[in-house]
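Taking it in order: structure first as structure tokens, then the write-up.
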Amino acid sequence: MRSAPLLVLALLTATPSLAELDSFGLGTGRDGPLNVTTTGRVINYTTPVRSDAPAGASVLRVDLVGSIKAQSLVLVHQSAGFSSTTASGGASPVTPGVVGRWELARVSSVTAPGTVRLTAPLAYSYSVPGAQVVAVPEYTDVNVSATGSIVAPPWDGNSGGIVAFLSTSKLVNDGVISADGMGFQGGVFANHSALTGCTALDLSAAAGGAAKGEGVAVFRFGSGGGRGNLVNGGGGGNCHNAGGGGGGHGNVGGTGGRTASDTDSSRAAGGLGGSHMKYSLIDQALFGGGGGAGEGNDGVGTSGGAGGGFVLVRAASVTGAGKFTANGASVSPTTGGDGAGGGGAGGAVIVRSGSQMACGEVQALGGSGGRVTDTVRQLGPGGGGSGGYALVQGSPLGTCPITVTGGAAGTTDFDGTVHGAGAGGVGASQQLIVAYQAPAKPTISAPANGAVGVASRPKFAGSTDPGLRVIVYVDGVELVQYGAGADGQFVGSYPSLKDPLSVGDHTVTVVAESFGAYSPPSSTTFSVAATLEDGGVLVPPILVVPEDGETLGPTPLFAGVAPNGLTVGIEVDGQPETITIPVDAFGRFRYQVPAETPLPPGPHFVTVHSHTETGESGPFSQATRFEVVAVAPDSGTGTVDAGTGTLDAGTGETDAGTDAGTNTPDAGVFDDVPVMVVPAEGEVVDSTPLFAGAAAPGASVSIEVDSEVVATVVSDATGAFRYPVPEAQALSVGTHSVSALVAGSVTGASETRSKATGFEVRGPSNLDVGCGCGASPTGVLGGWALLWGLAAAARRRRQ
């Protein structure tokens, strides 16, 4: 079992920081206004990620930091990432998994040439190759004139393909904001010998396979050939003059045209269209797949078209007659008798407005397949690329048509037919007629902040904006999701398939989400207690002896009260629990360090904790420090002067009690009835024994010996009280009884009294050396064995 110092250390350092989900809204406006009047303006710097960055990481290793500065906003995007060994020719649809995941993050600092540190950990994992970082400007006003355009830098196989910016004020777009043809690249045409009859999905150029288009699978661009599509990358034409397949994205790309009619029997060996990538644009965004190349032997065939990239725009308002586009590239006609390439698929466009939304058009069109101009033979045209994905949000939502149609199949000039080539499928679009804004910070009502004794499977409750998705994290890890009702309230149970929470402190964080916009996080802390079978929870035991700072012999006594534990674990000097002892019917426990294993001289500390029926450990008691000194062999009573050995705070001893304040039991632990712990029933003591026990913290406790009050003491913050009988009040030899009395109890009783404890005083020659508290180990064993027997028959558990 874990020791107290390790537990404290875990509470101080092990809680992970929660990732900063996308609550950036419309940005800060830190880059001021932007006016674009010329074509081809590139506003985004991109750089590939050069080492894997797991979720929770706050450092990115990139190629070059470039224009990324401290306080910059960046977009981290997993642009590709399917294994290079992914089989070609896969069926549609395909779920992209982690590919296409993206998030915004704030930069805290950069170190050249390639280290970017973030202000908060990443929410998702990013792997190489295929991940990139994009600098995202944060403007105030943005104006794009009718003669102006903002374009993405082209994807080069490592980074690029994305145009992204935020605007705190109005965006007036009368031009074009575009990532047309900036996505996955098309297969490059390569001249072959005139080969016939091949059908393989994977086929080298020398064997008659044209290059596949690029897609989400990571491979050395241009090295793959054959008619099989590589996920959303279109397949290349196979053998004599077949056409390339169109790229896939929001649907399936079109198949490439057949082989030459005169020499290869018009076989269906054109490239297969790229796969339909099925996902939600709220969560991910992919590039359009590249089209496959046409096959040829006359040096006049065409390459596949590149897919569209990714456009991300958020502004307070969006107006203007301009367009937002991420179209796949169409393929130019061949100039003679070779097969044509397939068109690129449309990419992804997200335009979100905090108020009115109007534009000329939003497009994620698939590119058209290439036309074959040979009029003598019937050869293979290219298949069309599929449409992409588009999302438009704003209120009021004015005129802003969305077009995500697939590209047309190419034709052959021989007879004007497609000769087996297919058009790309229609992509997916979505309109949200609600203003874009980050939700308000939610509130948490359960568990309450600072709550203790919380069940290990707690209920979570709170409020947020009506109808939102609520994500609950515990200790920085997502646990469960709920939906807020029409009144904004959410409530839910702990997931049955999840492991219960460990005993100790935890943090719950709640984030509300609306269509990919996240609220600021709201957090509370609470403490989970070990739960008993009757529903009660374990409270910390109270160590009555020794007293903090006491000086003792090498075989000290550890004794106290565990209000509702079944057994108690004792840990000395932070070592794992090796001592487990029972408690009696009154919750008392007692352990004498054996003479065979004495503690070495020097400073020590001890903590105790209770166990449930199943052995689960409860919270630790406050750590008690003490110092052990060697005892002279001829010591008569074994009593050590408690006033001589205060532990020096500068010894460097680990402070196991740093969090002890959270473990203080409430006043109801003992039902206002004090408990005598020392001496034990029937114990033999000297004439100045120690009387000690437990009550409610801060209680005024009267010590009665033989029904006469001899002293009044106040219990400490843990509930322990102690009274060492002074020499002036030395007890006579013989039998006595002691009890503790508390006046003015919380329950309304005028006074409450502990059960009387009988003990015997004898002369010093009759006492054995040992505990350092005036008690005889021999007497202890008999009395406490009796009490443990009573516990089996009449145990009362206090909650």
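Just so it is clear, none of the values below were taken in a lab; they were calculated from the coordinates. Just so you know, these numbers come straight off a predicted model, no measurement behind them. Reconstructed Cβ throughout: ideal geometry from the backbone, glycine too, with neighbour counts over all protein chains shown.
At-a-glance table
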{"item": "Extended-chain gain in nm, criterion 0.36 nm per residue less alpha-carbon gap, residue 455 and residue 440", "result": "2.5 nm"}
{"item": "Cβ-Cβ FRET estimate between residue 711 and residue 735, R0 fixed at 22 Å, reported to 0.05", "result": "0.65"}
{"item": "Packing-based ranking, highest mean first, of 173-182, 292-301 given that Cβ atoms within 10 Å are counted", "result": "292-301, 173-182"}
{"item": "Extension reserve of the residue 194-residue 282 stretch, reckoned as 0.36 nm per residue once the Cα distance is removed", "result": "26.9 nm"}
{"item": "Debye, to nearest 20: dipole size of the chain, +1 on Lys, Arg Cβ, -1 on Asp, Glu Cβ", "result": "3300"}
{"item": "Estimated FRET transfer efficiency when R0 is 25 angstrom, pair residue 534-residue 497 (beta carbons, to 0.05)", "result": "0.45"}
{"item": "Burial order of peptide ranges 241-252, 445-456 (average beta-carbon count within 10 Å, highest first)", "result": "241-252, 445-456"}
{"item": "MRE, 222 nm, helices only [DSSP H, n ≥ 4, -39500 (n - 2.57), over the chain, to nearest 500]", "result": "-1000 deg cm²/dmol"}
{"item": "Under 28 Å, Cα to Cα: Lys pairs in the chain, sequence gap 8 or more or different chains", "result": "8"}
{"item": "FRET efficiency, residue 169 to residue 86 (Cβ-Cβ, R0 56 Å, nearest 0.05)", "result": "0.80"}
{"item": "Folded to 0 to 90 degrees: helix 777-793 orientation relative to the chain principal axis, Cα", "result": "60"}
{"item": "For the chain, the spread of Cα positions along each principal axis, largest first, Å", "result": "129, 54, 49"}
{"item": "Ranked by how many other beta carbons lie within 10 Å on average, peptides 332-343, 55-66, 598-609 from highest", "result": "332-343, 598-609, 55-66"}
{"item": "Extension gain, residue 567 back to residue 417 (0.36 nm per residue minus Cα-Cα distance, nm)", "result": "45.3 nm"}
{"item": "Rg and Dmax [Cα atoms of region 443-526; Å; Rg one decimal, Dmax integer]", "result": "12.2, 37"}
{"item": "Dipole-positive endmost among 418, 484, 200 within the chain (Cβ charges, Cα centre)", "result": "418"}
